[in-house]
Amino acid sequence: MAITLPLGSPDSAGSPGSRPDLGIRSVFLAGPFIQLLDPGTGEMPADARAPFDVLIKHFEAQGLAVHNAHRREAWGAELMRPEQCTKLDQDEIRKADVFVALPGHPASPGTHIEIGWASAFDKPIVLLLERDREYTFLVQGLHTVAAVEYVVHTDIATCLPAVDRAVDLAVLRQREGNGGR
């Protein structure tokens, strides 16, 4: 069963227009990692890496600092030990102004833990969901307890204006205390 989520029509490109300065300086970008590594090379193949590359470049072009384990760990070539990456990811999520994630399909257990941390830290959250995929009930309902916006997409590169709108809306919801609580 495919889901319908609250953000209207996020695949539409729309006009970027001028965005308000909401004081956003950093983003933590999360998504599947270990499950995407090529068993032969130990690294993420180009197609798995592409959505992260697009988002990192997009956010950095806006002057944002992007915290991302995939890039930090050289796309799999320089994996950190669990004791290192767990604490570092949690610290970077705590410090980030916004949390953006691709939950993964099938679900990425690590990404879901990071989504939980972001929610517990009361971070504005944007979840990028692939159209016509099923997601866990807790992902679907997270907006009822946290400042979450969903972007349902078929291609990350074509939904960047919707991502920007979702980031702004999540930040505004969090600041207004409308995180679903």
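The values are calculated or read from the model by the stated rules, or taken from the named source; none is laboratory data. Please read these numbers as outputs of a predicted model, since none were measured by experiment. No Cβ is skipped: glycine too gets one built from the backbone with ideal geometry, and neighbour counts run over all protein chains shown. Keep in mind that these areas ignore ligands, DNA and RNA; they rest on the heavy atoms of the full protein, side chains included. Shrake-Rupley method; radii C 1.70, N 1.55, O 1.52, S 1.80 Å.
Scanning the stretch 106-142 for residues that are in contact with a strand residue (DSSP E or B) (Cβ under 7 Å, 6 or more places away or on another chain) and open to solvent by 80 Å² or more (accessible area, probe 1.4 Å) yields a total of 1. Every residue in the stretch 76-105 that is open to solvent by less than 70 Å² (accessible area, probe 1.4 Å) and either at pLDDT below 95 or basic (Lys, Arg) (or both), please. Across the stretch 76-105, the qualifying residue is only Gly104.
Scanning the stretch 54-73 for residues that are hydrophobic (A, V, I, L, M, F, W, C) and open to solvent by less than 70 Å² (accessible area, probe 1.4 Å), we see that the one that is farthest from Asp89 (Cα to Cα) is Val54. Considering only the stretch 164-177, I want to know if a residue exists there that is of a type in the set (Gly, Ala, Ser), farther than 14 Å from Val27 by Cβ and modelled with pLDDT of 95 or more. Checking the stretch 164-177: not a single residue is of a type in the set (Gly, Ala, Ser), farther than 14 Å from Val27 by Cβ and modelled with pLDDT of 95 or more. Inspect all residues belonging to the stretch 120-129 and state whether any of them is more than 23 Å from Pro20 (Cα to Cα), assigned to a strand (DSSP E or B) and modelled with pLDDT of 95 or more. Yes, that holds for at least one residue. Only residues that are in contact with a Gly (Cβ under 9 Å, 6 or more places away or on another chain), surrounded by fewer than 14 Cβ atoms within 10 Å (Cβ to Cβ) and within 21 Å of Pro161 (Cβ to Cβ): list them for the stretch 22-53, please. Matches in the stretch 22-53: Arg25 only. Residues in the stretch 143-158 that are open to solvent by less than 30 Å² (accessible area, probe 1.4 Å) and either more than 19 Å from Ile115 (Cβ to Cβ) or not in a helix (DSSP H, G or I) (or both): Ala146, Ala147, Val148, Glu149, Tyr150, Val151, Val152, His153. Of the residues screened, Leu64 is one that is free of Cβ contacts under 8 Å to residues at least 60 places away in the same chain and either under 26 Å from Asp122 (Cβ atoms) or among the hydroxyl-bearing types (Ser, Thr, Tyr) (or both).
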